[in-house]
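Student: This is the structure I have questions about; it appears just below.
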Amino acid sequence: MTRAGADMLHFDVMDMHYVPNLTIGPLVLRSLKRHGITLPVDVHLMVSPVDELIQLFAEAGADYITFHPEASLHVHRSLSLARELGVKCGLVLNPGTSSHCLDPVLHLLDMVLVMSVNPGFPAQAFLPSSLNTVREVRKKIDTAGLNVRLEIDGGISAKTIASARDAGADTFVAGSAIFGESDYQVAIDAMRHALA
Ligand code: ZN
């Protein structure tokens with residue numbers, strides 16, 4: 001991924017509880033960090049509860065940790081925990097989650113991640129309604145004058161990435177669009193070209 005031109009590594013963590021699928025844990029991240037990866041790592045927790053894994057992923061070297069607000073009983077406490085651990089933190093909005101849940105904690109966020117599919121499975125089709133959520137969040141961030149990344153995740157490809165950028169996203173997660181191609185660099189270049 002580093003050689004192919006990615007700016008960041010996105011880690012999808014699923015627990016077979018918050019989502020009906022199971023992926024990787026903090027030991028994998030720690031091993032990659034020890035192996036010498038230098039790209040910033042963006043950990044997307046699709047788990048419930050979140051606090052213990054925030055701690056473990058922060059210790060494993062995560063740069064960003066995001067979680068779903070409905071997966072934490074105490075969102076403000078979970079965000080404060082991440083900040084105390086020195087990791088950048090954010091909230092994730094599912095296609096069925098209102099952006100209003102950001103309002104009380106916007107000042108605590110380094111990132112908002114808008115899901116453009118429902119979480120849990122790869123290779124799902126991009127949901128265009130998520131662009132409305134991106135626009136709403138962009139407006140909140142700009143109105144508050146905050147420096148918050150606005151990331152989009154799900155069905156992002158050379159076909160969909162420009163519409164996400166036009167709606168206000170500045171950080172793009174691509175899975176199948178890259179890993180479905182034999183040459184990862186060609187896939188990443190095609191997305192950069194679509195944004196140019
Ligand atoms: Zn993700």
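The values are calculated or read from the model by the stated rules, or taken from the named source; none is laboratory data. Worth saying up front: this structure is predicted, and the values here are computed from it rather than measured. Note: ideal-geometry Cβ built from the backbone for every residue, glycine included; neighbour counts use all protein chains shown. Side chains are part of the model used for accessible areas, which takes the heavy atoms of the whole protein and leaves out ligands, DNA and RNA. Shrake-Rupley method; radii C 1.70, N 1.55, O 1.52, S 1.80 Å.
Student: Net charge near ASP103, counting Lys/Arg +1 and Asp/Glu -1 over other residues with Cβ under 14 Å of its Cβ?
Tutor: Its environment carries a net charge of +1.
Student: Dipole magnitude of the chain about its Cα centre, charges +1 at Lys/Arg Cβ and -1 at Asp/Glu Cβ only, in debye to the nearest 20?
Tutor: Dipole size: approximately 220 debye.
Student: Something else now. For TYR64, TYR18, give the ranking by accessible area with the largest first, probe 1.4 Å.
Tutor: If we order TYR64, TYR18 from most to least accessible, we get TYR18, TYR64.
Student: Next question, about the same structure. Using a Cα-Cα cut-off of under 19 Å, which aspartates and glutamates could be cross-linked to LYS159, ignoring same-chain neighbours fewer than 8 residues away?
Tutor: List returned: GLU151, ASP170, GLU181, ASP183, ASP189.
Student: What does the charge count near ALA194 come to, summing +1 for each Lys or Arg and -1 for each Asp or Glu among other residues with Cβ under 14 Å from its Cβ?
Tutor: Residues close to ALA194 contribute a combined charge of +1.
Student: Pull up the DSSP beta bridges for the stretch 9-195 and report the antiparallel fraction as a percent, rounded to 5.
Tutor: Around 5 percent antiparallel, to the nearest 5.
Student: Could you pull out every one of the lysines with an alpha carbon less than 22 Å from that of LYS33, ignoring same-chain neighbours closer than 8 positions?
Tutor: LYS88
Student: Suppose R0 equals 25 Å. What FRET efficiency, 1/(1 + (r/R0)^6) with r the Cβ-Cβ distance, do ALA123 and ASP189 give to the nearest 0.05?
Tutor: 0.75
Student: Counting only helical runs of four or more DSSP H residues, what would the 222 nm mean residue ellipticity of the chain come to if each run contributes -39,500 (n - 2.57) and the total is spread over all its residues?
Tutor: Rounded to the nearest 500, it is -10000 deg cm²/dmol.
Student: I'd like to know which of VAL75, LEU85, ALA190 lies farthest towards the positive end of the charge dipole of the chain, counting +1 on Cβ of Lys and Arg and -1 on Cβ of Asp and Glu.
Tutor: Going by the charge dipole, the pick is ALA190.
Student: Could you let me know the centre-to-centre spacing of the stretch 68-85 and the stretch 98-128, using Cα atoms, in angstrom?
Tutor: Each part reduced to its Cα centre gives a spacing of 15 Å.
Student: Counting DSSP beta bridges in the stretch 8-85, what percent are antiparallel, to the nearest 5?
Tutor: 10
Student: Give, as a single signed number, the net charge of other residues whose beta carbon lies under 14 Å from the beta carbon of GLN55, with Lys and Arg counted +1 and Asp and Glu -1.
Tutor: -1
Student: Moving to a separate point now. Between ILE24 and LYS139, what FRET efficiency follows from the Cβ-Cβ distance if R0 is 22 Å, with the result rounded to 0.05?
Tutor: 0.05
Student: Still on this structure: So what are the ³J(HN,Hα) numbers for the stretch 100-106, from phi and the Karplus equation (6.51, -1.76, 1.60; θ = phi - 60°), rounded to whole Hz, Gly and Pro as x?
Tutor: With coefficients 6.51, -1.76 and 1.60, one gets 4, 5, 6, 3, x, 10, 3 Hz.
Student: Could you sort the peptides 9-15, 20-26 by per-residue average Cβ neighbour count (10 Å cutoff), highest mean leading?
Tutor: In descending order of packing, they fall as 9-15, 20-26.
Student: Which three extents, in angstrom, do the Cα atoms of the chain have along their principal axes, listed largest first?
Tutor: 41, 41, 32
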